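Below is one structure; the comments refer to it alone.
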């Protein structure tokens, strides 16, 4: 049967928000704490109402802590909205919905960042408070900000994503600050580690969640040079994104919104690609790119689905590593 | 009988937090909106969790808007504490209790201050949103911060007042920034106005709530030179403060905690002094200072009490003005 990940081996997972966080949770449930490092995109971080907000980091963190709001798909479970209601009465900006409990995260993070702590340190601190055992790190401690150039105006990512509900047509994306940013040191180190057994690109938006991580100096090269296989799990199923604007963006960026287009986008970075059963007919097209494929049930509805997909991806990685 | 305030006449009230706000509300209920200007102490403002917090301004503002928490004595009615609860779980600083709805005020104020608006502008904006008709202004737009020198350590006012619950012995008080601060321009102007009919020092802590206002360059001189009578309402009744550390501070600052000591503290600034019925025996002592006296029921439990005291104080002022 399939190979297994050994206790001494390390897995790195690159994640954006919701979709990525689901697989990250599956990995965290399956692996020992010390085996897993999750790197979250921070290019959609922003400053709002004076608070430093890290949407992807928080989505992963809340998901790993089991306190995320599964119905809403973002934010915290059992959330209340009294600050936002009061802010609305004061005529304040409420398009970015900050729940009362979620606000505590942003207040604490902002306080610590102002005090001079790095985002990595703050994230580690918050994870400890929330009893998260595995390592969750931002892709960088430096500010990187996705700018969405649309047919109407240039928007920050959250303006595009939340305020404008992804309605404007995307012409191009820019990651301001990416050239000056240094990838998280532990992340760079683990990419060069002999213990590294797999680099998993979670089913997150390739353009705005994964691309910023890959664009940090040293990351792509180290991923290519790593002996560990790089495996992407498709965020596209049957031509649509499970969540978010990935499919719409693909069309606007003049590529078909298909799983093969996702695989082609990652290109020679990939050793393996996990696609959904519903896209099985595209397997030969991806295999023809020289990328190993694994067809799975990738839509994660239950916790069991998340763990099952994590197990399948890890087995696929172990198979590729043993080849 | 007693004289009346004419519609063209203006009243200025100097206020700290809770006690002052009660009389300010009584004045606001009795006077037309355009007749009343309330100047709030800002020396107990502070920056906390990255937010600009103005406790006295907010207490007056919430009281005037009728949304203050009367049981608790501070903050908003119908408040919830979910952000604080979550912040506590994250190991954050929760000694200064910020309610969920109250947080919106601080977020909006802080956002506007960062944008370059003055505290006066922000206060006016918030008052408009809360349908407050009279003018409420900070004593200054510049930062002034009360430092409490205690027998243990030097504390910011809120650290002394809230975190340490006024326990440390006060040795002296310092208003950092007071010499560089400019009193609010409208306030300075109205003190020179011919329309000014009374300057009322509300029943607030003389040392930490009123003294900072009086210490701003130009304020004390203009009050002395004004034709309008300056009337203080005693915050001390029967040797105790209705609320807060005024009486304890008086003892620690080596003065008796009596109404005459309050009158003596304000000294020749006063034309009139309102003391409680329970302190009637002190009236001759105060009259001997050359200060007119008015004995009233000064403890304000109900809204009617607030309005009745406001009316009495205004009648007293009109009597003094007509002399």
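Using the Stokes-Einstein relation with a Kirkwood hydrodynamic radius computed over Cα pairs, the translational diffusion coefficient of the range B:35-82 at 4 °C and a viscosity of 1.567 mPa s comes to 109 µm²/s. Note on the protein assembly as shown: helix-only mean residue ellipticity at 222 nm, from DSSP H runs of 4+ residues weighted -39500 (n - 2.57) and normalised by residue number, equals -10500 deg cm²/dmol. Inter-part distance, the range A:68-127 to the range A:205-283, computed on C-alpha centroids, equals 30 Å. Once you divide the Cα radius of gyration of the range A:1-65 by 2.2 N^0.38 Å, the number left is 1.30. Ranked for footprinting exposure by Cβ neighbours inside 10 Å, fewest first, A:160, A:265 give A:265, A:160. Note the angle between two axes, namely the Cα long axis of helix B:303-322 and the longest principal axis of the Cα atoms of chain B, as a number of degrees from 0 to 90, rounded to the nearest 10. Helix B:303-322 sits at roughly 40 degrees to that axis.
Of all chain A C-beta atoms, the nearest to the rotation axis linking A with B is recorded, alongside its rounded Å distance, as A:100, 2. Using alpha carbons only, the radius of gyration of the range A:163-223 set against its Kirkwood radius gives Rg/Rh = 1.05.
In summary, the convex hull built on the alpha carbon positions of the range B:73-172 has an orientation-averaged projected area of 8.4 nm².
With Rh defined as the Kirkwood radius, the inverse of the mean 1/r over Cα pairs, the Rg/Rh of the range B:72-115 is 1.01. Taking only the alpha-carbon positions of the range A:1-159 and ignoring solvent, what does the Debye formula give for the base-10 log of I(q)/I(0) at q = 0.12, 0.17, 0.19 Å⁻¹? Log10 I(q)/I(0), no solvent term: -0.56, -1.05, -1.26.
Computed over the range B:217-300, the range of Cα coordinates on each principal axis works out to 32, 26, 25 Å, biggest value leading. Normalising the Debye intensity of the protein assembly as shown to I(0), with uniform scatterers on Cα atoms only, and taking log10 at q = 0.10, 0.12 Å⁻¹ returns -0.87, -1.09.
Label point of residue A:192 (7 Å along Cα→beta-carbon): distances to the other copies' equivalent points are 7.0 nm, sorted ascending. Each 10 Å bin, from zero up to the one with the longest distance, holds this percent of the alpha carbon pairs of the range A:10-322: 6, 28, 37, 23, 5, 1, 0. Between copies, residue A:180 shows label-point distances of 2.8 nm, shortest first, with the point placed 7 angstrom from Cα along Cα to C-beta.
The distance separating the Cα centre of the range B:284-320 from that of the range B:145-167 comes to 32 Å. Listing A:118, A:312, B:260 from fewest to most neighbouring C-beta atoms within 10 Å gives A:118, A:312, B:260. Panel order for A:121, B:102, by other beta carbons found within 10 Å of each beta carbon, from fewest to most: A:121, B:102. Using the alpha-carbon atoms, what tilt in degrees (0 to 90, nearest 10) does helix A:119-129 show relative to the longest principal axis of chain A? That works out to roughly 90 degrees.
Computed as a quarter of the hull surface, the mean projected area of the alpha carbon convex hull for the range A:156-301 stands at 9.3 nm². Convex hull of alpha carbon positions in the range A:109-150: directionally averaged projected area 4.0 nm². Across the identical copies, the 7 Å label point of residue A:152, projected outward along Cα→Cβ, sits 5.6 nm from its counterparts, in ascending order.
Laboratory data are not the source of any read-out in this text; all were calculated from the coordinates shown. The model shown is predicted, which means the values in this text are computed figures rather than measured ones. All Cβ positions, even for glycine, are placed from backbone atoms using ideal geometry, and neighbour counts span all protein chains on display.
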